[in-house]
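Below: one structure, written as structure tokens.
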Amino acid sequence: MKLRPTAPFSHPAWRLLPGLGIASALLLLATAGLGALLWEASLPDVSQLWGSRYLRTVITFTVWQAFLSVLLSLLVAVPVARMLARQPAFPGRGGLLRLMELSLVLPSIVAVSGLVSVYGRQGWFTGIASDWLNVSWNIYGINGIVLAHVFFNAPLAARILLQAIESAPASQRRAAAQLGLGRWWYWRAVEWPAVRPVLPGLAALVFTLCFTSFAIVMTLGGGPSATTIEVAIYQALRFEFDGSQAALLAVVQLLICGFLWWLAARYGLTASLLPDRRVASHSSRAGRSFWSRLTDGLALGVFALFLVMPLAAILLRGLPGMGSAFFPQGSFSVNPALLDATLRSLAIALPAGLMSVGAALLILASGTATSRSTIRRVTDVTAYLPLMIPPLVLGTGLFLLFRPSLGNSSEGLVLVTLINAMMALPFVLQMLRGPLGRLDSASRQQADQLGILGWYRWRWLHWPRMRRPLALSMAYGTGLSLGDFGVIALFGSPGQPTLPVLLYQQLGSYRVDAAAATGLWLVLLLLLLFSVFNLLGASRLSLRRTANSPRTVQEPEHA
Amino acid sequence: MLTRAFTLLFLTLIAVPAFAQSTPTLTIYTHPSFAADWGPGPAVKDAFEKTCDCQVRYVVLSSGGDILQRLRLEGKSTQADLVLGLDTGTMENSRQTGLLGHHETDLSALDLPINWQDPVFVPYDWGYFAFVYDTEQLPNPPESLDALIAAPDDLKIIIQDPRTSTPGLGLLLWMRHVYGDQASAMWQQLKDKILTTTKSWSDGYYSLFMSGEAPLILSYSTSPAYHMAVDNTDRYQAVAFEEGHYLQVEVAALVQSSDHKELARDFLEFMLTPDFQRHIPLKNVMYPATDLGDELPEVFSHLIQPSEARYFDPKTVTDNRRQWLNEWLDAMTR
């Protein structure tokens with residue numbers, strides 16, 4: 001390779017400006033959306049917020065259930081991630097990872113139907129618990145809300161934590177392995193330093209997701225005492241046509257979640273610059289003994305069951321309808337409506353995934369290009385805005401701004417794609433932040449001295465170690481858009497539905513079997529998507545690893 | 001990957017039918033169950049296009065409430081010529097936007113349980129809210145609201161939230177119509193029998209009721225018609241309450257700012273002919289707005305016949321619903 005004197009995109013501004021531009025655009029969009037709503041309505045009466053017992057209960061409840069959900073999700077995720085890191089090779093590990101990736105992107109109505117079949121009043125688990133263990137369990141109430149939130153978020157958290165632990169500096173891991181550190185010391189010396197920088201952001205992410213939860217909270221909450229701020233916003237906007245109340249509540253939500261992100265950005269995210277040189281990796285000894293394999297195996301088995309059972313219920317429920325979806329006249333041919341919906345969904349989801357990954361990379365690049373921590377934090381927090389502003393508020397606000405020009409069918413699809421990309425951005429960012437920040441300073445300096453900048457720097461320094469995280473974030477970005485119902489429902493679809501819209505259409509007209517089949521098909525499609533992206537991300541890397549890593553060498557038998 | 005994704009996107013965009021500019025296009029805002037492939041939408045579109053030199057285009061919004069919201073947001077610049085899918089709960093708010101015009105349609109063919117003389121809204125179907133029960137789980141359901149409220153607390157029911165769902169609001173009005181100022185006290189007694197209050201009818205019906213989580217769910221009196229005619233099962237039936245049932249009427253109206261008002265009026269007139277109405281019973285699973293005679297599917301004769309149609313006029317609903325809702329919230333969270 002011959003380096004030209006100036007590499008493409010090597011000017012420092014190329015690293016700083018595009019990301020900054022995207023961040024400002026997001027900020028502008030959010031302010032404009034909220035502002036338009038406030039402008040249209042009269043200024044809200046803030047005292048009314050604190051005066052109303054109902055609104056106070058809503059805010060307290062929202063914070064409480066989100067707090068519990070975060071706590072439990074992380075309590076599950078940290079041990080699971082450690083065990084998965086300790087046991088780098090066991091049959092079904094890849095499958096378990098795919099399932100973990102899947103849970104977050106499942107459309108909530110599909111996931112809830114699965115959860116209810118297992119933990120509901122007539123569920124399998126409930127039956128076993130009351131017959132064998134004599135435990136009475138009721139899913140309706142805070143139990144169910146937290147259970148569902150753990151189902152959605154613990155696997156996501158474990159997945160991100162696993163990635164963090166696996167990318168812990170090899171030098172540390174090697175030293176720890178040579179010293180024969182026990183579990184506790186291994187945790188102190190290797191795992192905790194790897195996990196700590198990711199944890200605040202992760203907690204903020206899960207908190208925001210649970211804080212803004214809507215349909216799950218209502219379905220499993222048991223009654224109106226389980227009302228989140230999102231529900232109250234919906235009520236204000238759609239039921240009472242009270243734009244100012246909705247905007248006021250949205251601001252409250254933004255303040256609470258935004259404050260958490262600010263804290264996370266301050267205490268966590270910037271500390272993630274750990275050195276990492278690419279050397280052969282060593283796994284800890286802690287995971288090698290028979291007992292640790294047995295206990296890890298059992299615990300991971302329980303976790304896998306927790307994920308698999310609801311999916312099995314979705315499978316069982318969907319099978320009867322699959323017949324008419326794939327064999328309409330006895331011979332194999334995909335139901336055209338289902339096929340069209342699938343293609344349309346992919347046409348929205350793939351570009352959306354690509355855009356979100358691109359935007360996330362640019363935002364991260366601008367974060368590393370500036371030494372001013374304020375700019376960095378602002379860009380960071382801004383990227384999470386799409387999660388904090390209720391889509392209904394943002395959508396309504398934007399509608400007020402661009403009133404006449406929206407709603408045309410093809411423009412609508414482009415808009416839906418853009419907004420989906422925006423909604424996926426926070427997740428993608430969370431996945432890419434660690435790996436991108438972890439390039440060690442020695443390599444950086446060498447690269448600087450050699451003048452490896454711009455495109456070449458990206459191609460030769462970052463790409464080889466980013467390939468896998470990029471594939472995973474592409475899968476999440478696409479998967480999130482594929483399962484999305486909210487955005488497309490908000491902007492109205494032309495006559496032709498996407499997969500989730502088709503599902504809701506079928507549900508709305510009593511076509512229960514067909515809906516269950518569409519749900520199952522969506523789950524299978526998501527699983528396929530994650531597997532394909534996993535293969536794309538792993539192919540070259542795994543070859544290299546086989547060549548020079550002791551990790552894949554046959555481990556000594558202990559039993 | 002990139003090229004493939006964009007090719008797909010491009011293909012989808014051109015697959016969106018290009019509308020011929022020579023013939024006028026009637027744009028109708030409606031909700032998903034009307035416009036679905038198996039709903040009345042496609043058949044109605046074909047039938048109407050045969051009578052007019054025009055194209056019908058549906059813009060699908062997720063519910064009647066969303067149609068109203070979209071209309072409010074777009075104001076006079078809306079591209080809608082007609083809105084179809086509002087109901088007695090959203091009617092008055094829609095009227096107050098001032099964006100809808102008079103229909104000037106002859107309403108004499110209407111066959112509703114109440115007398116209908118509205119200058120703006122034309123009904124296209126109607127039904128009663130009712131509790132649907134699973135005959136295998138609950139052979140003897142309570143036969144009145146009183147009996148339901150007095151039933152032991154281990155009888156569980158699923159309802160929908162009046163803040164987010166049409167049947168949910170229907171039950172709120174039903175209770176208010178039957179019990180008046182006593183409604184809150186009755187809700188408090190009913191409270192412990194409510195398994196959960198879902199966001200939408202679909203959430204409750206699909207995720208919970210069809211999974212056997214509770215034997216009774218708030219739905220429509222016409223729901224069993226679908227199960228009997230299409231699923232061929234008698235398992236799910238509606239129970240007739242002695243106090244009578246709350247009535248829902250679904251309506252359409254023309255948009256004042258439309259360039260195709262004549263066409264929209266033609267459509268409203270067409271709406272009350274058998275060519276439109278015959279698709280309602282099984283495709284929308286509601287009662288047709290006109291008398292279909294022999295064309296009414298046989299299963300409709302097996303449905304419950306409420307003794308009284310409970311109904312508040314839409315203005316009363318709009319004037320009171322905020323207060324009634326707050327009283328409900330208060331009773332349910334106390």
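The numbers here are math on the coordinates, done by the rules we state, and not lab data. Given the structure is predicted, the values throughout are model-derived calculations rather than measurements. Virtual Cβ from ideal backbone geometry, glycine too; neighbours counted across all protein chains shown.
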Could you calculate the FRET efficiency of B:ILE114 with B:GLN323 from 1/(1 + (r/R0)^6), where r is the beta carbon distance between them and R0 is 25 Å, rounded to 0.05?
0.55
Ordered by fewest other Cβ atoms within 10 Å, a rough proxy for footprinting exposure, A:VAL428, A:VAL532 read A:VAL532, A:VAL428
Centre separation in Å (Cα based) which lies between region A:160-196 and region A:69-93:
14 Å
Around B:LYS261, with a cut-off of 11 angstrom between Cβ atoms, what is the net charge of the other residues, counting Lys and Arg +1 and Asp and Glu -1?
-4
Residue-by-residue Karplus 3J(HN,Hα) for region A:31-36, coefficients 6.51, -1.76, 1.60, Hz, glycine and proline x:
5, 5, x, 5, x, 4
Are any of the pairs B:LYS45/B:LYS315; B:LYS76/B:LYS283; B:LYS191/B:LYS315; B:LYS261/B:LYS283; B:LYS193/B:LYS283; B:LYS50/B:LYS199 more than 30 Å apart by Cα-Cα distance, and if so, which?
B:LYS45/B:LYS315; B:LYS76/B:LYS283; B:LYS193/B:LYS283; B:LYS50/B:LYS199
What order do you get for A:72-78, B:199-205, B:309-315, B:129-135 when each peptide is scored by the mean count of other beta carbon atoms within 10 Å, highest first?
B:199-205, B:129-135, A:72-78, B:309-315
How large is Rg/Rh for region B:207-334, to two decimals, with Cα atoms and a Kirkwood Rh?
1.04
Return the average number of partner chain Cβ atoms within 10 angstrom of each residue Cβ along peptide A:221-233.
4
Starting from the amide H of B:ILE194, placed 1.01 Å from N in the peptide plane, find each other amide H under 5 Å away whose residue is 5 or more places distant or on another chain.
B:ILE157
Amide H to amide H, which residues 5 or more places from A:GLY141 or on other chains are under 5 Å from it, using H placed in the peptide plane?
A:GLY221, A:GLY222
So A:VAL308 and A:PHE290, fully extended at 0.36 nm per residue minus their Cα-Cα distance, gain in nm 3.9 nm
Once amide H atoms are placed 1.01 Å from N in the peptide plane, what residues at a sequence separation of 5 or more from B:SER219, or on another chain, have their amide H within under 5 Å of its amide H?
B:ALA130, B:PHE131, B:VAL132
If you plug each phi of region B:216-232 into the Karplus form 6.51 cos²θ - 1.76 cosθ + 1.60 with θ = phi - 60°, what whole-Hz ³J(HN,Hα) values come out, in order, with x for Gly and Pro?
10, 9, 6, 8, 10, 5, 8, 3, x, 4, 5, 4, 6, 7, 9, 7, 6
Would you list B:HIS102, B:HIS31 from fewest to most Cβ contacts within 10 Å?
B:HIS102, B:HIS31
Please list, in order along region A:184-195, the HN-Hα scalar couplings obtained from phi with the Karplus expression 6.51 cos²θ - 1.76 cosθ + 1.60 (θ = phi - 60°), rounded to whole Hz, x for Gly and Pro.
5, 6, 5, 4, 5, 8, 10, 6, 4, x, 7, 7
Highest mean packing first, using Cβ neighbours within 10 angstrom, the peptides B:191-198, A:346-353 sort as A:346-353, B:191-198
So if we plug the beta-carbon distance of A:SER171 and A:TYR54 into 1/(1 + (r/R0)^6) with R0 = 45 Å, what FRET efficiency do we get, rounded to 0.05?
0.20
Mean per-residue count of partner chain Cβ within 10 Å for B:157-163 equals 4
First obtain the Kirkwood hydrodynamic radius of region A:148-215 from its Cα pairs, then insert it into the Stokes-Einstein equation at 25 °C and 0.890 mPa s, and state the resulting D in µm² per second as a whole number.
184 µm²/s
What fraction, in whole percent, of alpha-carbon pairs in region B:162-249 exceed 20 Å separation?
40 percent
Shielding score for A:117-124, defined as the mean number of other chain Cβ atoms within 10 Å
3
Quickly rank A:141-149, A:171-179, B:227-235, B:268-276 as a protection proxy: mean count of other C-beta atoms within 10 Å, highest first.
A:141-149, B:268-276, A:171-179, B:227-235
Ranked list, fewest to most other Cβ atoms within 10 Å of each Cβ, for B:LYS76, B:LYS50
B:LYS50, B:LYS76
Cβ-based net charge around B:TRP187, under 14 Å, with every Lys or Arg adding one and every Asp or Glu removing one:
-2
If every alpha-carbon in region A:215-267 counts as one equal scatterer, what log10 I(q)/I(0) does Debye give at q = 0.18, 0.28, 0.31, 0.32 1/Å?
-0.68, -0.98, -1.04, -1.07
So what does the Cα-only Debye profile of chain B read at q = 0.08, 0.12, 0.13, 0.14 Å⁻¹, as log10 I(q)/I(0), no solvent term?
-0.41, -0.88, -1.02, -1.15
